[in-house]
Amino acid sequence: MEYQRTIVVTGGAGFIGSHLIRLLLKKYADYRIVNYDLLTYAGNLGNLKDVENNSNYTFVKGDICNAEEVEKLFTVYRPDSFIHLAAESHVDRSIEDPLAFIETNIKGTAVLLNACRKHWGNDESKLFYHVSTDEVFGSLGDDGMFTETTAYDPRSPYSASKASSDHLVRAYHHTYGLPIKISNCSNNYGSHQFPEKLIPLMIQNIRHNKPLPVYGKGINVRDWLWVNDHADAIDTIFHKGKVGETYAIGGKNEIRNIDLVRKLCQLVDQKLGRETGSSEELITFVTDRAGHDMRYAIDPQKLEDELGWTPSVTFEEGLSHTIDWYLANSDWLDEVTSGNYQEYYELMYGSR
Ligand code: NAD
Ligand code: TYD
């Protein structure tokens with residue numbers, strides 16, 4: 001079959017990548033989607049079980065840092081686009097092992113950019129779409145929001161590595177004319193998220209009546225977006241956004257961590273038929289994260305005004321779907337938290 005486009009999604013076996021691939025396969029029957037993923041602890045082909053036999057979907061196991069493997073991707077599939085999500089993505093792990101983040105997020109992005117430059121030059125029918133985070137902008141006080149023009153001020157090894165990759169992507173556009181787009185999104189939540197991140201970790205611990213570790217006083221604020229709405233925003237920007245531009249993505253859902261954890265306790269208790277809020281007794285304030293950013297908030301006005309994107313669900317609806325999914329798929333949660341996860345948990349929380 002002649003495909004209209006061949007898109008390589010890097011990191012497609014991860015949380016956001018798997019949702020994006022499912023959306024692209026559903027909407028674009030004439031696209032070929034190649035999932036290029038190393039299957040680290042965060043990559044799980046079980047996340048794509050429902051689409052793995054789709055004739056226009058292919059999985060290739062490979063490392064974005066390996067130039068030879070990336071070259072082979074071009075020879076075999078001749079992609080016209082990359083949507084680049086592969087990364088080390090967890091701030092706490094970046095504090096333990098910064099070099100892993102520098103290797104994957106900076107070097108890996110540079111290897112991909114170099115291959116795209118070699119094969120595409122400045123051909124405007126091609127596209128390198130880089131998926132990034134709002135954490136590159138640093139930490140907000142009580143007021144204000146991040147926009148596309150906010151100055152970069154990354155403060156964790158994770159956000160510094162993502163900021164560096166964003167700069168490299170722009171540098172390849174300005175220096176070589178490589179067609180690129182970048183988006184910076186706020187915190188995502190939804191199904192299939194590895195339970196090292198706040199929401200699935202708390203749901204898993206509530207299920208098992210384990211302590212709920214809230215860092216510091218729990219007053220840090222995050223701005224949450226349902227992962228399916230992020231995938232939809234990426235699809236919108238990929239197709240309608242302007243080459244060379246950046247888009248900030250967020251759902252205007254700011255909440256303090258402690259308020260979110262209490263909300264999760266109430267919802268999970270209700271859904272499990274426990275006395276509502278009884279799990280709040282499990283909340284345990286633990287030593288704060290080093291350099292913990294206080295507040296993130298995204299102003300998505302450019303994306304809404306220029307490209308007509310808006311989120312499809314409220315935070316309440318998204319959270320309810322999310323909890324329903326984890327409770328209905330408790331096997332998934334128990335499977336991904338067996339093995340190495342126990343060591344990870346001991347390292348991060350054992351002496352906190
Ligand atoms: P994730 O950790 O769930 O998945 C990352 C994926 O990348 C995994 O499948 C992993 O196997 C793969 N990977 C890691 N190293 C690789 C390598 N060297 N070569 C090939 N594949 C490799 O991450 P996520 O939460 O889905 O985030 C995806 C992207 O979106 C990241 O770039 C992240 O910075 C960005 N982002 C995440 C959020 C969020 O809230 N999760 C918000 C904004 C932006
Ligand atoms: P996280 O999901 O790790 O995302 P990020 O650090 O990228 O924002 O954490 C979200 C917030 O929750 C952050 O302020 C740290 C806090 N947090 C806890 O209080 N306890 C936890 O066990 C975790 C994982 C996070």
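The values are calculated or read from the model by the stated rules, or taken from the named source; none is laboratory data. Just so it is clear, the model here is predicted, and its values are computed rather than measured. Neighbour counts are summed over all protein chains in view; Cβ atoms, including those assigned to glycine, are modelled from backbone coordinates with ideal geometry. Protein only, heavy atoms only, side chains kept; ligands, DNA and RNA dropped before computing areas. Shrake-Rupley method; radii C 1.70, N 1.55, O 1.52, S 1.80 Å.
Could you check how much of the accessible area of region 92-231 is carbon and sulfur, as a whole percent, using a 1.4 Å probe? Can you show the working numbers first?
Details: 2520 of 4990 Å².
Ligands and nucleic acids excluded, carbon and sulfur reach 50 percent.
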- Cross-link table 61/240; 26/49; 217/263; 162/217, entries beyond 18 Å C-alpha to C-alpha: 61/240; 162/217
- Query: Can you give the angle from 0 to 90° between the axis of helix 198-207 and the longest principal axis of the chain, with both taken from C-alpha atoms, to the nearest 10?
  - Reply: 40
- Task: Binning at 10 Å from 0, report for the chain what percent of all alpha-carbon pair distances ends up in each bin.
- Result: 5, 25, 36, 24, 9, 1, 0
- Place +1 on the Cβ of every Lys and Arg and -1 on the Cβ of every Asp and Glu in region 248-352, take the dipole about the Cα centre, and give the residue among 349, 270, 314 whose Cα lies farthest towards its positive end. 349
- For region 264-329, with every protein chain kept in place, what is the accessible area per residue (1.4 Å probe, Å²)? 49
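Take the alpha carbon atoms of region 169-246, find their radius of gyration, then divide it by 2.2 N^0.38 Å using N residues; give the quotient. Numbers along the way, then the final one.
On the way: Rg = 17.8 Å, N = 78, 2.2 N^0.38 = 11.5 Å.
Working it through for region 169-246, the quotient is 1.54.
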- Given H placed 1.01 Å from N in the peptide plane, which residues other than close sequence neighbours of residue 181 have an amide H under 5 Å from its amide H? 128, 129, 130, 244
- Under 20 Å from the Cα of residue 271, which aspartates and glutamates turn up, not counting those fewer than eight places away in the same chain? 259, 280, 281, 316, 317, 324, 331, 334
- Note on the structure: HN-Hα couplings for region 52-60 via Karplus (6.51, -1.76, 1.60; θ = phi - 60°), in whole Hz with x for Gly/Pro, come out as 5, 9, 4, 5, 9, 10, 9, 9, 10
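For region 211-329, just say rounded, prolate or oblate: build the C-alpha gyration tensor, square-root its eigenvalues into a ≥ b ≥ c, call rounded for a/c under 1.5, and beyond that prolate if a/b exceeds b/c, oblate if not.
The shape class here is oblate.
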- Query: Using modelled amide H (1.01 Å from N, peptide plane; none on Pro or chain starts), what sits under 5 Å from the amide H of residue 285, excluding residues fewer than 5 places away?
  - Reply: 214
- Message: Straight-line reach only, C-alpha to C-alpha below 13 angstrom: list the aspartates and glutamates that residue 197 could link to, leaving out same-chain residues fewer than 8 apart.
- Response: 88, 92
